[in-house]
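A short write-up of the structure that comes next.
The values are calculated or read from the model by the stated rules, or taken from the named source; none is laboratory data. Given the structure is predicted, the values throughout are model-derived calculations rather than measurements. As a convention, Cβ positions derive from the backbone with ideal geometry for all residues, glycine included, and neighbour counts pool all protein chains shown. Remember, those area values only see protein heavy atoms, side chains included, never the ligands or the DNA or RNA. Shrake-Rupley method; radii C 1.70, N 1.55, O 1.52, S 1.80 Å.
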Amino acid sequence: MTPKQFRTIRTRLKLSAREMGVALGLHGDPGRTVRRYEAGDVEISGPIQTSMLAFKDGFRPPWYPKEKGQ
């Protein structure tokens with residue numbers, strides 16, 4: 001998965017970088033890590049790629065950010 005593909009999925013999901021990081025289960029500063037993925041500064045691991053593709057296909061874990069207005 002390229003950084004551009006990662007960002008495209010995130011923006012289609014209408015999530016901020018921080019929200020995407022939380023959905024992926026990232027710790028520390030999840031938004032910063034997502035921004036680094038999108039900039040190509042950090043390699044996107046296989047498990048993160050798999051999670052992104054699952055989110056793209058409609059999977060939502062219990063901790064996934066709620067849509068605005070819910």
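Rolling a 1.4 angstrom probe over the protein heavy atoms, how many square angstrom per residue are accessible across the chain? Numbers along the way, then the final one.
Numbers: 4750 Å² over 70 residues.
Heavy-atom accessible area per residue stands at 68 Å².
In order along the range 34-39, the phi-based Karplus estimate (6.51 cos²θ - 1.76 cosθ + 1.60, θ = phi - 60°) of 3J(HN,Hα) comes to 4, 4, 5, 4, 5, 7 Hz; Gly and Pro are listed as x.
Sum -39500 (n - 2.57) across every DSSP H segment of at least 4 residues in the chain, then divide by the residue count to get the 222 nm mean residue ellipticity, nearest 500.
Values: 4 runs with 38 residues, N = 70.
After summing the helix terms and dividing by the residues of the chain, the value is -15500 deg cm²/dmol.
Each of 50, 11, 34 was placed along the dipole of the chain (beta-carbon charges, centred on the mean Cα), and the one lying farthest toward the positive end is 11.
These residues, 43, 19, go from largest to smallest accessible area, 1.4 Å probe, as 43, 19.
Annotation for the chain: chymotrypsin sites (Phe, Trp or Tyr not before Pro) lying in DSSP loop with at most 16 further Cβ atoms inside 10 Å of their Cβ are 59, 63. Label zone of residue 43 (point 7 Å out along Cα→Cβ, amide N under 15 Å): in the range 1-31 this covers 1-3.
Mind checking the chain for trypsin sites (Lys or Arg not before Pro) that DSSP puts in a loop (not H, G, I, E or B) and that have at most 11 other Cβ atoms within 10 Å? Display every interim value, and only then the final one.
Numbers: sites: 4, 7, 10, 12, 14, 18, 32, 35, 36, 56, 66, 68; in loops: 14, 66, 68.
Passing sites in the chain are 14, 66, 68.
For residue 66, the lysines whose Cα falls under 23 Å of its own Cα, not counting residues fewer than eight places away in the same chain, are 14, 56.
Whole number please: convex hull volume per residue of the Cα set in the chain, in Å³? Mind dumping the intermediate values first?
On the way: hull volume 5.9 nm³, N = 70.
Measuring per residue, one finds 84 Å³ for the Cα hull of the chain.
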